Amino acid sequence: METCSPEFTLATIDFATGFLNRAGGVELIEQISSNPNCQALSLIWIGLDRLKQINESLGYNAGDTFITHLTLRLRTKSGRARWCRIGGDEFVCILPGKDSAYALQLASIFLREVQHPIPFGDLLLHPSACIGIASLEKGESTYSLLARADSALNSAKNTGGGHIVVSGNGLPPKTHLARRELEIENNLHSALEYGGLHLHYQPIVGSDGKVIALEALMRCMVNGEVIPPSEFIPVAEKTGLISRLGEWCLASGTRLARRLSDSGSRIKVAINVSRSQLALPHFSSSVHAALLISGVMLDQIELELTESLFLDGSQTVQDNLSALRRTGISLAIDDFGTGYSCLANLKDIRAKTIKLDKSFVTALPDDQRSLSIIKAFAQLGSELGMTVIAEGIESQSQFSVLRNTGVHAFQGYYVTPPIPEEGLFQWLTQRT
Ligand code: C2E
Ligand code: MG
Ligand code: MG
């Protein structure tokens, strides 16, 4: 649809972002909505979290880096849409001719895009945002439209970080969630059918810096949209698709283990397993089959399970665990220390590896209590003959502190973020 744009002067541009400023944005919305050809208009109002905290704790430079990165990312995902900086940490994407369904789809992409970490010195900033959406109603004024988008943003903020609320079209947030789940389910079907599943590998290094294992982390990419596991694994579990995803992951992970051993390497591949997979009666057999087909040795694969799974009351889960132990495959306790961990459980769990949850590491280097807990876990794990890994290491200072805790191995963005399979061998070669 043709829309007429007003002339933008220097006074209507925000210099930090190159977006329109508040006055310029309001003027443009006014122009579009008063155009007799205007059949639809939607606004996506984004509020960034914690900009004030970043400015206050790291300085305005960090705040500027944060804003520059994020506005660039938003711009690249929004095609020809116009943007306006409506406040210090609030931005509005103006979508002439688009309805709220389109705006919602785009807003989900923005939200995911915002969440990628931003490097700043030896820190990684973890942005998050909330979004309010409003679409123009017949005869509505610009100010009412903006007020509804603003109020939708406030409702999103009240619901907690990372939420989207659409104003006025009667769909409560729950309905949006349900719709998003359907979209993800569709994407998973399409990824399984036509390709779109990928494994990224995140190295785990020993205290001598040598890579001892690669953790396989699944990614789903459909139509250029990358869906992270935190979104698609719960949907896959709910819909039963997890069994096909799990088999795909086992087949691909063991294939990589085979490539590694063929190249003379003894690096292990660690594969995550969720409860719904272990609750499938045939799970241990499918692991066995994947090992046979790929021809890899048992000690080249490790399965990562959260602590609660080892203690799960279901007979099928316990039968699978016993069968896996009989095979001799090594098991790792993932995210140890979260939930209701009990140290006494460690004696019964019989895992070879224990991965301390990243929440302990995040609190380093300053938090002495986390440091004491890590040291105690490291000592206990060592005495029980387990390899103790610290995960989620993001900075040099965390790494330095961890080196003196007795922890055996290290994993996190500080070593490297997960690497797509295509770049993995090059990374490994450069590392040695
Ligand atoms: P996890 O097994 O604990 O994996 C570690 C997660 O932490 C990964 O997120 C990884 O990208 C992220 N991470 C690594 N280093 C850092 C760091 O320095 N800082 C921070 N903040 N994060 C870091 P990802 O890939 O999004 O995976 C999330 C979770 O999804 C995994 O947690 C795992 O439980 C599950 N998952 C991933 N792939 C699979 C899979 O193939 N099958 C199953 N069942 N679950 C999977
Ligand atoms: Mg894991
Ligand atoms: Mg973990």
Inset, instruction - Express as a percent, rounded to the nearest 5, the fraction of DSSP beta bridges in the range 183-431 (both residues included) that run antiparallel. - result: 40
Legend entry - Accessible-area order (highest first, 1.4 angstrom probe) of the listed residues MET386, MET297: MET297, MET386
Inset, instruction - Determine, at each q value in 0.19, 0.22, 0.25, 0.28 (inverse angstroms), the log₁₀ of I(q)/I(0) that the Debye formula gives when each Cα of the range 252-327 is one equal point scatterer. - result: -0.77, -0.97, -1.15, -1.33
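Please give the contour-minus-distance gain from ARG22 to GLN315: 0.36 nm per residue of separation, less the Cα-Cα distance, rounded to one decimal in nm. Provide the component values of the computation, followed by the final result.
Working: separation 293, 0.36 × 293 = 105.48 nm, distance 6.09 nm.
So the chain would gain 99.4 nm between ARG22 and GLN315.
Work out the FRET efficiency for ARG259 and THR327 from their Cβ-Cβ distance, taking R0 = 35 Å, and round it to the nearest 0.05.
On the way: r = 22 Å, r/R0 = 0.63.
Here the calculated transfer efficiency is 0.95.
What order do THR65, THR239 take when sorted by accessible area (1.4 Å probe), most exposed first?
Working: THR65 35, THR239 55 Å².
Sorted by accessible area, descending: THR239, THR65.
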Legend entry - Relative contact order of the range 346-395, pairs being alpha-carbon contacts under 8 Å that are 6 or more residues apart, as %: 53
Inset, instruction - Report the full-extension gain for the segment SER155 to LEU298: residue separation times 0.36 nm, less the Cα-Cα distance, to one decimal in nm. - result: 46.3 nm
Inset, instruction - Taking the chain as the reference, fit the longest principal axis to its C-alpha atoms, fit the long axis of helix 421-431 to the helix C-alpha atoms, and give the angle between the two in degrees, 0 to 90, nearest 10. - result: 60
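Rounded to two decimals, what ratio of Rg to Rh does the range 10-175 give with C-alpha atoms and a Kirkwood Rh? Please report the intermediate quantities before stating the final value.
On the way: Rg = 15.6 Å, Rh = 16.1 Å.
That ratio is 0.97, to two decimals.
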Legend entry - Highest-MSF residue in the chain out of ALA290, ALA101, ALA216 [GNM, Cα springs under 10 Å]: ALA101
Inset, instruction - Once every Cα of the range 51-122 carries one equal point scatterer and solvent is ignored, give the base-10 log of I(q)/I(0) from the Debye formula at q = 0.23 Å⁻¹, two decimals. - result: -1.09
Legend entry - Solvent-accessible area per residue, Å², over the chain with all protein chains present [probe radius 1.4 Å]: 48
Legend entry - Where ARG75, ARG326 fall by accessible area, highest first, once all protein chains stay in place (1.4 Å): ARG326, ARG75
Inset, instruction - Report the residue, chosen from LEU256, LEU356, LEU343, that carries the largest GNM mean-square fluctuation when the chain is represented by alpha-carbon nodes joined by springs under 10 Å. - result: LEU343
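For the chain, which whole-number percentage of the solvent-accessible area (1.4 Å probe, protein heavy atoms only) is attributable to carbon and sulfur atoms?
Values: 10880 of 20580 Å².
Using a 1.4 Å probe with all protein chains present, the chain comes out at 53 percent carbon and sulfur.
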Legend entry - Pairwise centroid distance, computed over Cα atoms, of the range 107-165 with the range 317-365, Å: 37
Inset, instruction - Report the accessible area of LYS352, computed with a 1.4 Å probe over the heavy atoms of all protein chains in place, in Å² rounded to the nearest 10. - result: 110
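Work out the FRET efficiency for GLN105 and ARG80 from their Cβ-Cβ distance, taking R0 = 22 Å, and round it to the nearest 0.05.
0.85
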Inset, instruction - Report the calculated FRET efficiency for ASP64 and HIS126 (r = Cβ-Cβ distance, R0 = 22 Å), to the nearest 0.05. - result: 0.80
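How large is the Kirkwood hydrodynamic radius of the range 183-431, in angstrom, based on all distinct alpha carbon pairs? Show your work: numbers first, answer last.
Numbers: mean 1/r = 0.0536 Å⁻¹.
With all distinct Cα pairs of the range 183-431 included, I get 18.7 Å.
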Legend entry - Rg/Rg_globular for the chain, with Rg_globular taken as 2.2 N^0.38 Å and Rg from C-alpha atoms: 1.12
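On full extension of the chain, what length is gained from THR338 through HIS282, given 0.36 nm per residue of separation minus the C-alpha to C-alpha distance?
Numbers: separation 56, 0.36 × 56 = 20.16 nm, distance 2.86 nm.
Gain on extension, THR338 to HIS282, equals 17.3 nm.
The values are calculated or read from the model by the stated rules, or taken from the named source; none is laboratory data. From a predicted model like this one, the values you see are computed outputs, not experimental measurements. A quick note on method: Cβ atoms are made from the backbone with ideal geometry, for glycine too, and the neighbour counts reach across all protein chains shown. We work out accessible area using only protein heavy atoms, side chains counted, and drop any ligands, DNA or RNA first. Shrake-Rupley method; radii C 1.70, N 1.55, O 1.52, S 1.80 Å.
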